[in-house]
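Every read-out reported here was derived from the displayed coordinates using simple, explicitly stated rules and does not represent laboratory data. Quick caveat: nothing in here was measured; it's all calculated off a predicted structure. Cβ placement follows ideal geometry from the backbone for every residue including glycine, while neighbour counts extend to all protein chains displayed.
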Amino acid sequence: MKKLAAILLLTLSLGGCAFLQNAYSVATGASVTPQQAYIAANAFDTVEASATQYLQLPACGATASKLCRTSAGVTAVVKAIRIGRQARNSLEAAVTSSNGAPVSASLYAALTAQTSTLQSIISSYNIGQ
């Protein structure tokens, strides 16, 4: 009983956490509107465009300027973009097939999580700064 009380207190104290809110939405079968889905898709597209610019830089080397791409950076960016595109395409397909009805929040959560991942990669490699 004490463990259950501790878990309940911990859950309530973290109630503002976005992860828990997304998890709750997914668990309860919540949905998002097509407008929210398209906003999330557009947000991913914007972050993806910045990350794509990084891929067009020259490779780092002895003769490269400060503006260059690393092998590790390319790997991280490409992986995040591919996963994000799959999430975006799944969400957009669900919106298209729903004929204006709300769609599953789990698809939305997957895309927003991947957008956050890509933003983190952009920050860690100083892309666009």
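Points to keep in mind about this one:
- The D45 and I83 beta-carbon pair, evaluated with R₀ = 22 Å, returns a calculated FRET efficiency of approximately 0.95.
- Gain in span if fully extended, A72 to T33, counting 0.36 nm per residue against the direct Cα distance: 10.4 nm
- Across region 30-124, Cα-Cα pairs farther apart than 17 Å form 51% of the total.
- Chain lengthening between N126 and A62 when straightened (0.36 nm per residue, less Cα-Cα): 21.1 nm
- When peptides 94-104, 33-43 are sorted by average Cβ neighbour count within 10 Å, with the highest value leading, the order is 33-43, 94-104.
- Taken one residue at a time, the phi angles of region 84-99 give Karplus couplings (6.51, -1.76, 1.60, θ = phi - 60°) of x, 4, 4, 5, 4, 4, 5, 5, 5, 5, 5, 5, 4, 6, 7, 6 Hz. Gly and Pro are set to x.
- Relative protection proxy for 83-93, 45-55, from highest mean packing down: 83-93, 45-55 (other beta-carbon atoms within 10 angstrom).
- Proxy reagent accessibility, fewest Cβ within 10 Å first, across K66, K79: K66, K79
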